Structure formats: C-alpha cells, structure tokens
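First comes the structure, then the notes that go with it.
The values are calculated or read from the model by the stated rules, or taken from the named source; none is laboratory data. Quantities reported herein were computed from a predicted structural model and do not represent experimental measurements. Reconstructed Cβ throughout: ideal geometry from the backbone, glycine too, with neighbour counts over all protein chains shown. Only protein heavy atoms, including side chains, enter the accessible area calculation; ligands, DNA and RNA are left aside. Shrake-Rupley method; radii C 1.70, N 1.55, O 1.52, S 1.80 Å.
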Amino acid sequence: QVQLVESGGGLVQAGGSLRLSCAASGRTFSNYGMGWFRQAPGKEREFVAAISWSGSSTYYADSVKGRFTISRDNAKNTVYLQMNTLKPEDTAVYYCAASSLGVYKIASMYKYWGQGTQVTVSS
C-alpha cells in the first residue's frame, strides 16, 4: 500500500507559477513510476506528466511541454510538478499517482492515487 498526499495548489494569475508536491508513504517509493494527472469540471481525467523510478525518464502532455517540469526526490519520498507560465486552461484538480508497473500516460496503469489539490488560474 502506498499513501499519496498532494499539496501546493492554489489560486494564481495567468502567467504565474506553482509547485505541486506529492509526499508518499508506505512501500518503497523508489520502486514506483509516478504520474501527475488533472481533471477539470465536466472533463475526463487527463495525463499531465510522468517520471520513471530513477528520475531518468520523463514524459509530458503536449499541452504542458516546455511549461511544466516533473521531478522526484527519492530520499524525501516526494515527487514535484513545477508549473510555469500557467494558463486559465490549466485550472483543474491535480492528482499524483503511483505505479509499480513502470511509467505510463494511462491513468488505469496507476494503482495508487492521492486526494488531489486544486489549481485555479485566473485570467
């Protein structure tokens, strides 16, 4: 079992930045691929970014590439999502997720999920 707790969400103006954190507890964090997903009201949950267990491989949705950066600190059992140049369309609840199978862009491949943190970008 892995418990995930996100933090760092909030209200920011367009063009601003936020850094989300996801703290993990339970099983060995470094064994898991980690992903960030988001869900806006009335929309399906969508992939944002993912990182391999070692941090050597990262993947991004086209909509955030060049603006968001995913990273992890296995010593702190934490994965981060640095979000720059935020846009109103980035408004959503952001979730982190863990997969023991590897790193994927598909939500169904992740077994463990956090409760989410709200990000609101005003225009």
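Quick notes on this one:
- Odd one out for V48 among (1) within 18 Å of E6 (Cα to Cα); (2) more than 14 Å from the chain's Cα centre (by Cα); (3) modelled with pLDDT of 95 or more: (2)
- Once the stretch 76-113 is narrowed to residues that are within 14 Å of S54 (Cα to Cα), free of Cβ contacts under 8 Å to residues at least 60 places away in the same chain and assigned to a strand (DSSP E or B), the residue that is most open to solvent (accessible area, probe 1.4 Å) is T78.
- Options F37, F29; residue that is closer than 15 Å to A92 by Cβ and either touching a strand residue (DSSP E or B) at 6+ places or on another chain (Cβ under 7 Å) or of a type outside the set (G, A, S) (or both): F37
- Residue within the stretch 40-50 that is of a type outside the set (A, V, I, L, M), within 26 Å of S123 (Cβ to Cβ) and in a strand (DSSP E or B) present: yes
- Filtering T85, T117 for residues that are out of contact with any strand residue (DSSP E or B) (no Cβ under 8 Å at 6 or more places or on another chain) and among the β-branched types (V, I, T) leaves a single hit, T85.
- Condition met for S25 (modelled with pLDDT under 95, open to solvent by less than 60 Å² (accessible area, probe 1.4 Å), over 17 Å from G8 (Cα atoms) and assigned to a strand (DSSP E or B)): yes
- Condition broken by Y59, with the remaining ones in (1) closer than 17 Å to V5 by Cβ; (2) modelled with pLDDT of 95 or more; (3) not in a loop (DSSP other than H, G, I, E, B) satisfied: (1)
- T58 passes every criterion in (1) under 19 Å from S108 (Cα atoms); (2) open to solvent by less than 50 Å² (accessible area, probe 1.4 Å); (3) without any contact (Cβ under 8 Å) to a residue 24 or more places away in the chain apart from (2).
- Scope the stretch 114-123; condition small (G, A, S), assigned to a loop (DSSP other than H, G, I, E, B) and at pLDDT 95 or above; matching residues: G114, G116
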